[in-house]
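The values are calculated or read from the model by the stated rules, or taken from the named source; none is laboratory data. Treat the numbers as computed from the prediction; the structure is a model and nothing was measured. Note that we place each Cβ from the backbone using ideal geometry, even for glycine, and neighbour counts take in every protein chain shown. With ligands, DNA and RNA removed, areas are computed over all heavy atoms of the protein, side chains included. Shrake-Rupley method; radii C 1.70, N 1.55, O 1.52, S 1.80 Å.
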Amino acid sequence: MENLLRPIYQERASHPGTLGVLVIEKTKPFHPLTDNFDVVLLIIVQDNEKPWFVKHYDFEGKKAAMHVVSEEQVNEWLISGSHRRLVAWLVNGKIIFDRNEYIAGVKERIRDFPYEERTRKIGVEFARLIRRYTEGKELFASRQYMDAYNFILHALHHLARLSVIEHGFHPEITVWNQVKHIEPEIFKLYTELLSGEDPLDKRLELLLLANDFSLSSKSKNATVHIRKVMNERSNAWTYQELMEEEQLKEYGIDLGALLEYMIEKGLVEVHRSETKGSGIFIREYSAIE
């Protein structure tokens, strides 16, 4: 199959801006890793007009997908985890072109998972967890149990991913298989929510209690990254400044929920400055050591 695709990737490989090319082949009748394509070509380039460009091909009764991705986009996905197949592609894909051992370096980076990168990824995952958990808790309080179930299930998934990252691994598509061996207590919570014999409201109530304890115990270590960024300057931050800070862009819409949780836990202090409006103040934030 690689020979059939050679004319496609050779043209890309000859370009000086191409850093590496990998091939990921379908190995099962139904294979989510390749979106059920027979083969995926991952081509990483220094710069691209579009950070992510995809083209589909048919050949000899088979189908292929070519993903041309900028180096910057790859780095963003590795931090945010928003493209969950990427790590599996990079780890399991066959290298067919590697300029200056770029792909080899990325593989080593994934394997070593440097501390700075890990703390940043933990912070992003914790922010997602807080938002889902908070929304689920509010829905439970209003007795919207089915909707609460959906959010709590998502919160558990983020808790599982957070656990995997804390242990120094990148979360895979089969994250619960990882968690089962790494933190069986979290896996037990997951199975209890899915198949426990208690009524749904009781299962959710128990899970919310367990989550409260888990979040409190993780809050300080999980917010190391954002507090470090906030402490890089002496004056307090407006929320807009935090949103626009390059190092915090992966937190996205979850930043507000995380900030409020950190205030509640005594990790962030609120400052108020006067405005022209009587009794109206601007809120600013600083991290507490």
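Taking amide H as placed 1.01 Å from N in the peptide plane, the amide H of V39 sits under 5 Å from that of K26, K63, A65, each at least 5 places away or on another chain.
Could you work out the relative contact order of the chain? I mean the mean sequence separation of Cα pairs under 8 Å and 6+ apart, divided by the number of residues, in percent.
Values: 391 pairs, mean separation 38.5, N = 289.
Computed over the chain, the figure is 13 percent.
Binning the alpha carbon pair distances of the chain at 5 angstrom intervals from zero yields the distribution 1, 5, 10, 13, 13, 13, 12, 11, 9, 6, 4, 2, 1, 0, 0, expressed in whole percent.
What per residue convex hull volume, in Å³, comes out for the range 202-289 when only alpha-carbon positions are used?
129
Lysine pair count for the range 132-242 with Cα-Cα distance under 17 Å and sequence separation of 8 or more or different chains is 5. Straight-distance candidates among the aspartates and glutamates for linking to K28, with alpha-carbon spacing under 14 Å and chain neighbours fewer than 8 residues away dropped: D38. Loop-located GluC sites (Glu not before Pro) across the range 1-97 with a Cβ neighbour count of 15 or fewer within 10 Å are E49, E60, with loop assigned by DSSP. From the square roots a ≥ b ≥ c of the eigenvalues of the alpha-carbon gyration tensor of the range 83-125, which class results: rounded (a/c under 1.5), prolate (a/b over b/c), or oblate? Judged from the Cα gyration tensor, the range 83-125 comes out oblate (a/c at least 1.5, b/c at or above a/b). Summary: within the chain, the longest segment free of trypsin sites (Lys or Arg not before Pro) located in DSSP loops with at most 11 other C-beta atoms within 10 Å is 1-142.
When restricted to Cα atoms, the range 1-95 yields an Rg and a Dmax of 12.9, 38 Å, respectively.
For the range 46-171, the C-alpha radius of gyration sits at 1.33 times the compact-globule guess of 2.2 N^0.38 Å, with N the residue count. Per-residue accessible area (protein heavy atoms, 1.4 Å probe) orders I130, I280, I8 as I280, I8, I130, starting from the largest.
Restricting the range 25-99 to chymotrypsin sites (Phe, Trp or Tyr not before Pro) that sit in a DSSP loop and have at most 16 other Cβ atoms within 10 Å of their own Cβ leaves F30.
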